[in-house]
2 protein chains.
Amino acid sequence: MENNVARQLPDELMEQLNYQPFKTVEYGNREIQRVAPKVRASVGPSKVVDSLETLIHENLQDGMTISFHHHFREGDYVFNQVMRIIIDAGYKDLALAPSSLTNVMNDIVVEAIEKGTVTNITSSGMRGTLGEAVSHGALANPVVFRSHGNRARAIESGEIKIDIAFLGVPNADEMGNANGMDGETAFGSLGYALMDAQYADKVVLITDNLKPYPNTPASIKQTQVDYVVKVDAVGNPDKIGSGATRFTKDPKELKIAKTVNEVITNSSYFKDGFSFQTGSGGAALAVTRFLRQSMLDNQIKASFALGGITKPTIDLLDEGLVEKVMDVQDFDRGAADSMHLNKNQQEIDASWYADPANKGAMVDKLDVVILSALEIDTKYNVNVMSGSDGVIRGAIGGHQDAATAKLTIISAPLVRGRIATIVPDVTTVVTPGDSIDVLVTEVGIAINPKRQDLLNELSNIPGVPVYTIEELQAMAEHKVGTPTPLEFTDRVVAMVEYRDGTIIDVINEVKD
Amino acid sequence: MENNVARQLPDELMEQLNYQPFKTVEYGNREIQRVAPKVRASVGPSKVVDSLETLIHENLQDGMTISFHHHFREGDYVFNQVMRIIIDAGYKDLALAPSSLTNVMNDIVVEAIEKGTVTNITSSGMRGTLGEAVSHGALANPVVFRSHGNRARAIESGEIKIDIAFLGVPNADEMGNANGMDGETAFGSLGYALMDAQYADKVVLITDNLKPYPNTPASIKQTQVDYVVKVDAVGNPDKIGSGATRFTKDPKELKIAKTVNEVITNSSYFKDGFSFQTGSGGAALAVTRFLRQSMLDNQIKASFALGGITKPTIDLLDEGLVEKVMDVQDFDRGAADSMHLNKNQQEIDASWYADPANKGAMVDKLDVVILSALEIDTKYNVNVMSGSDGVIRGAIGGHQDAATAKLTIISAPLVRGRIATIVPDVTTVVTPGDSIDVLVTEVGIAINPKRQDLLNELSNIPGVPVYTIEELQAMAEHKVGTPTPLEFTDRVVAMVEYRDGTIIDVINEVKD
C-alpha cells in the first residue's frame, strides 16, 4: 500500500503489526480510552534495596518490556549497569522501550541483540554501531521509531506497555520521591521519564544520592515508585550536558542563522506574546542570539519558549524577554541548573509537550519552530533518521511534533561535504512536507507553496532571495552531482511512525 | 453479617452493593488494576466557553456522576452556580461525588434530592440541613461516606467513575493550566481536586481570573482539561479560610492541648526527624504552639508536617523547625498564601496524602497524629460522623487515613454540654479502635492496651494520670447520666466505608 507521502509500505507487515498508513497531519477530535498500570500496594518504611541483581531476578521475565530515559545523555551510567546484569543473567526476547538511545548505550544494545536478550526496540532514534547493526538486519523484529510526543501517546493508549521502568535520578529518598534538578548529576527536567513513572507497572529508581525523607520537589512521586536502588554513580556530570554553550563561528551556519531570524522577524508571528522552539546545536544557539537582539530592538517579548532547553534560552527568561520556559529536557548544565532557581521554568512531561492525543499539548500553541534536517526533498518531506548511505543515524526527537507549529522553519545547508541536503526524494520520510513551511539555506529560502501568506510576507526581505525548492535542489545537485541510488534488501528493519501512530515510512536493510 | 468492629451489617444491601465487611486496618500488598479516563483529543487554540449552561447541556446526561472539590470551603460559589443550572434544566438521577460537602452547599443539595436531580451521593461528610434530610431518608439510595484517602483509592480503582468534574480555580489560562495558590480567591493546595483532574472523563475548570498563557505553576494541567468557563466570581475570599488563626482560651481545651503535647514529647517518637499531623481547630492550634516550644527546648526538628495545613504550621516551616510541609489542603489564608512563596511547602494530591492502595502514601510515614472525636468508645472506636441524636453531622476527612500513624492521639473532652464523648459504644464506627493509641482528655489519658510500649513510656508523666478507657467512660457517664438509647428505622441511609473500601458501619434513618 502507499501512504499520503507516496511511500510504499509492505502490506503483509502492515497487517501483521496492525498498522495504518500515514494519512494526514491533522489528528482531529478523536476519543481515546487511556490505559492504566497495575499497582502493587506498598507497605513498609523503605523501598531501598541493596542489589540491582536481586531486584531484576525477582521482577524481570523473558518477553517483558523494559524502559529507560535518556536525560543523562552521553553521561549515562544507568543503562549499561542494568543491561549488563540482564544480559549476563541470560534473559531472552525483551522489548526495549527507552525514550531514546544515546551513543553511550550503543555497544551494549548491540550485544543484547546478538545474544537474543533484546528482540524488539522502540526508540526516538539510534546512531553509531547500533544504527549500523540494525540497518544490517541484526534485530529480530523491526525497530519502531516514535517521536517524543508519539511515545507519550503510545504509552497512554497502551501501544507501549512498560513492565519495568529503570529510571536513573540524581536524587531520591527512600520512598522514591525524586527530581532531576538537584545533585551532582542533575540534568534538569525529567520530562520523558515522567511518562514511564506514571504508566509502567513497576518503577525502579536508581540513584547515587539518597536524600532525607521527604525529598521535594518531587517530580517523580513515591506513589509511583516500587524500588529505590543505591548505586555508586548514575552518570558523569561532565557528559550529561553539552557543557558551556558555544556559538558557531562557521560563516555558512551564521548566514543561515541570520536568515532564519529574518524569516521569523518578518513574519506576522513575530509580535508580543509569540512563542518559539529553537532546539540545540551551534546554529540554533546563533538563532537564539539573533532573535534576542531583534526582540530587544522591537520591544517584543515571548510568552514561552519550548522544547529541549539551552542556557541561551534561560538567559532570555532571566532577562525578561521570555515569560515562561516550558521544559521537557535540558541540553546543557546551565539550563539544568536554572530549573530549581527560576519558578518560571516549568517542567513538563512528554505528553504535555507534544502528545497529539491529549487535551492539548504545548506544541499546539507554538508559533515558531526551527528544526534541522539530514535531507529535505522537493515535497518538503524531511528525513532526520537515515544517512545518505541508508544507515540509521538519527532520531525523530520532537521533530514531527514541533513541526505542527504555525511557522515551521527547516534550517539546513544546501550540501554537507559531497552530500546534497536538498534532494528529489528523501531516503526516509520522518516529517511530512505538509507540516513544513519554510526552508532556510545559506543561499536563500524556499517557501512551501501551500503557504501563500508567507510568500507575501517573506518575499521582499533584503538579502534573502526566495527560490522554489526545486531551484534549491537543482543548486545542490549542481554542486555535488547525482548520487548513485542506494540499494536495500526487501527486509524491513524499522517502522517509522508518524506522531499519530500511523506509518509514514519504513527503513529497509542496507545491501552491502 | 457482623464485621470486625462488631457492627451488624444488612446482608441484602451488602450483597446488592457488592460490599465486603471491614476486617483489618492492614491493607497489605494487594495488586490493583487502575482505571483510566476516556480522553477526547483537543484541537483549537482555546478551551474557553462563554456559557456554563450550554456546556452542561452539551455534556451532561441523566444518570451521570459529577464531582466538585471543597477547597473553597464556606466561601464556595462554584457548586451553587453549577447545581442551579443542573436542577433548573431538569436533569435526573445524577450521582454527586464531591471531595466533601460544606455547609454552603447544603440547601441546594437538599433541593436537588427533593427534585430527583440527585439520587446518589458519595462524600467525605455532610452537615446541617443536608445531614438532617439524609438522616430522615430523603435520598433514594444510601450515601457512601469515604475518607480522603479512600476517595482517591476508589477513583483510581474505578469504584468512583467521574463523568464530569466541575472544578473551581482561583486562576486558569485559556487551555486549562491552573493552580490554587495565586489570585484573590487562592486557597493553596488543590490536593483533592487533582484526583478529579486526572481521572474524570471530562474536566471543566471554572474561574473568575483568566491568566495569560501559559499559566504556571500548573497544578492542574492543560492536558487534563476540556473546558474553561469564566464566571464573575468563584468564591468569597473572606470565607475560604478560617481567617486569622486564634488559639483557644478555653481552659479545658488548653489543658487537653498541653497534655497532648506531654504525650507526644514523652513518647519515643519525639526525636529529630519525627513527623506529625495536627489538623485545625482551636485545640489543634494550641497543640502546635506547645509542640513548637518543646521542639525549641529539646532542639528537635521535624522532617515533615502533614495534612490540612494552618498558618502556625507554616510558621514552624519558616522557623526551620519543620523541614517540609506536605500539603493536601490549607485551612487558612496564611497557609494558602505561603504556598507560592516557600518551595518546601509541597502540594500533594489525595492519593499521595492518604491512599492505602498506592505505592506508599504520606500517612504511612507519619509518626504522630492528633485527631478529634464526636464519640470514642471503650473499644477505642471513634465516631466523627453522627451526632448524639443519630443525625449525620460530620465528615471522615482524613481521620481513618491519618489514624494509621505510629502514635495516634484522640483529643477529646469527657463530655460536651450534657453529652458524653466517651461512651460504651459509639453511634457510628468511623475509625476502628485498632488504629487508635491514646485518648487525651482534660482529666487524664487512656492508652490502648495493645500498646504496652506506650503504657511504659507514658505512665509517669507528672500531672498526667493514666486511666483505663472504661474508667474515663464511667467518669463521663457519672457527669451526664445514661442517655436514652437512640431509635432508628431499618432503612439504611448511609454506608460508611473504611479506607480500603470495606464497610465499617452503616447509618440508619432516625426515628422522629
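Got at least one residue in the range A:19-30 being under 29 Å from A:Asn215 (Cα atoms), within 8 Å of chain B (Cβ to nearest Cβ) and either at pLDDT 95 or above or assigned to a loop (DSSP other than H, G, I, E, B) (or both)? Within the range A:19-30, none of the residues are under 29 Å from A:Asn215 (Cα atoms), within 8 Å of chain B (Cβ to nearest Cβ) and either at pLDDT 95 or above or assigned to a loop (DSSP other than H, G, I, E, B) (or both).
Within the range B:316-326, restricting attention to residues that are in a helix (DSSP H, G or I) and acidic (Asp, Glu), the residue that is farthest from the other protein chains (Cβ to nearest Cβ) is B:Glu319. Return yes or no: is A:Asp238 at pLDDT below 95 and among the charged types (D, E, K, R)? Answer is yes for this residue. Just one of the listed residues (A:Arg34, A:Arg73) is among the charged types (D, E, K, R) and within 14 Å of chain B (Cβ to nearest Cβ), namely A:Arg34. When restricted to residues that are of a type in the set (S, T, N, Q), over 17 Å from B:Phe274 (Cα atoms) and open to solvent by 20 Å² or more (accessible area, probe 1.4 Å), the range B:316-344 contains 1.
Of the residues making up the range A:291-315, just one is part of a loop (DSSP other than H, G, I, E, B) and either at pLDDT below 95 or closer than 19 Å to A:Gly241 by Cβ (or both), namely A:Thr310.
Against the test of being in contact with a Ser or Thr (Cβ under 6 Å, 6 or more places away or on another chain) and open to solvent by less than 10 Å² (accessible area, probe 1.4 Å), the options B:Ser294, B:Ser275, B:Ser280 yield a single qualifying residue, B:Ser275. Only one entry of B:Thr313, B:Thr259, B:Thr265 meets the criterion of being away from every other protein chain (no Cβ under 13 Å) and either open to solvent by 30 Å² or more (accessible area, probe 1.4 Å) or in contact with a Pro (Cβ under 9 Å, 6 or more places away or on another chain) (or both), and that entry is B:Thr265. Of the residues in the range B:29-36, not one is surrounded by 15 or more Cβ atoms within 10 Å (Cβ to Cβ), free of Cβ contacts under 8 Å to residues at least 60 places away in the same chain and in contact with a Phe, Trp or Tyr (Cβ under 8 Å, 6 or more places away or on another chain).
Of the residues in the range B:39-51, not one is touching a Pro at 6+ places or on another chain (Cβ under 9 Å) and either open to solvent by 10 Å² or more (accessible area, probe 1.4 Å) or more than 14 Å from chain A (Cβ to nearest Cβ) (or both).
To keep it simple, each residue is scored yes or no on (1) among the small types (Gly, Ala, Ser); (2) open to solvent by less than 10 Å² (accessible area, probe 1.4 Å); (3) within 14 Å of chain B (Cβ to nearest Cβ).
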residue: A:Asp173; (1), (2), (3): no, yes, yes
residue: A:Gly176; (1), (2), (3): yes, yes, yes
residue: A:Leu190; (1), (2), (3): no, yes, no
residue: A:Ala200; (1), (2), (3): yes, yes, yes
residue: A:Leu205; (1), (2), (3): no, yes, yes
residue: A:Asp208; (1), (2), (3): no, no, no
residue: A:Tyr227; (1), (2), (3): no, no, yes
residue: A:Asn236; (1), (2), (3): no, no, no
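The combined condition, being under 26 Å from A:Ala350 (Cα atoms), of a type outside the set (Phe, Trp, Tyr) and assigned to a helix (DSSP H, G or I), is not fulfilled by A:Met14.
For the range B:139-185, filtered to residues that are of a type in the set (Ser, Thr, Tyr) and in contact with a Phe, Trp or Tyr (Cβ under 9 Å, 6 or more places away or on another chain), the residue that is nearest to B:Val229 (Cα to Cα) is B:Thr185.
Only one of the numbered conditions (1) more than 20 Å from B:Thr207 (Cα to Cα); (2) under 24 Å from the mean Cα position of the chain (by Cα) is not met by B:Phe79, and that is (1).
Being part of a helix (DSSP H, G or I) and among the aliphatic types (A, V, I, L, M) is the filter here; which residues of the range A:454-499 pass it? Across the range A:454-499, the qualifying residues are A:Leu454, A:Leu455, A:Leu458, A:Ile469, A:Leu472, A:Ala474, A:Met475, A:Ala476, A:Val480. Output the residues belonging to the range B:52-61 that are within 14 Å of another protein chain (Cβ to nearest Cβ) and open to solvent by 30 Å² or more (accessible area, probe 1.4 Å). The one that is within 14 Å of another protein chain (Cβ to nearest Cβ) and open to solvent by 30 Å² or more (accessible area, probe 1.4 Å): B:Glu58. Counting only strands (runs of 3 or more DSSP E) that sit completely within the range A:62-149, those holding 2 or more residues that are surrounded by fewer than 24 Cβ atoms within 10 Å (Cβ to Cβ) and of a type outside the set (Phe, Trp, Tyr) correspond to A:118-123.
Scanning the range A:346-353 for any residue that is within 14 Å of chain B (Cβ to nearest Cβ), farther than 23 Å from A:Val260 by Cα and modelled with pLDDT under 95 turns up nothing. Taken over the range B:258-290, residues that are part of a helix (DSSP H, G or I) and over 18 Å from B:Asp332 (Cβ atoms) amount to 10.
Exactly one residue among B:Ile503, B:Ile445, B:Ile507 is at pLDDT 95 or above, open to solvent by less than 60 Å² (accessible area, probe 1.4 Å) and more than 24 Å from the chain's Cα centre (by Cα), and that residue is B:Ile445. Counting only residues that are within 14 Å of another protein chain (Cβ to nearest Cβ), part of a loop (DSSP other than H, G, I, E, B) and buried (at least 24 other Cβ atoms within 10 Å of the Cβ), how many does the range B:150-161 have? Total meeting the criteria: 0. Does the range B:103-123 include one or more residues that are of a type outside the set (A, V, I, L, M), within 21 Å of the chain's Cα centre (by Cα), farther than 20 Å from B:Arg393 by Cβ and at pLDDT 95 or above? Scanning the range B:103-123, I find at least one residue that is of a type outside the set (A, V, I, L, M), within 21 Å of the chain's Cα centre (by Cα), farther than 20 Å from B:Arg393 by Cβ and at pLDDT 95 or above, so the answer is yes. Of the listed requirements (1) touching a Gly at 6+ places or on another chain (Cβ under 7 Å); (2) in a helix (DSSP H, G or I); (3) open to solvent by 40 Å² or more (accessible area, probe 1.4 Å), A:Thr223 misses just one: (3). When residues in the range A:357-406 are screened for being among the charged types (D, E, K, R) and part of a loop (DSSP other than H, G, I, E, B), 6 of them pass. The number of residues in the range B:327-356 being in a loop (DSSP other than H, G, I, E, B) and of a type in the set (Phe, Trp, Tyr) comes to 1.
Considering the range B:448-462, and only residues there that are in contact (Cβ under 8 Å) with a residue 40 or more places away in the chain and more than 17 Å from B:Ala373 (Cβ to Cβ), the residue that is nearest to the chain's Cα centre (by Cα) turns out to be B:Leu454.
The values are calculated or read from the model by the stated rules, or taken from the named source; none is laboratory data. Model, not experiment: these values are computed from the prediction. FYI the Cβ positions are ideal-geometry reconstructions off the backbone, even for glycines, and counts take in every protein chain you see. The protein model used for the area step is the full one, side chains on, heavy atoms only, and it has no ligands, DNA or RNA in it. Shrake-Rupley method; radii C 1.70, N 1.55, O 1.52, S 1.80 Å.
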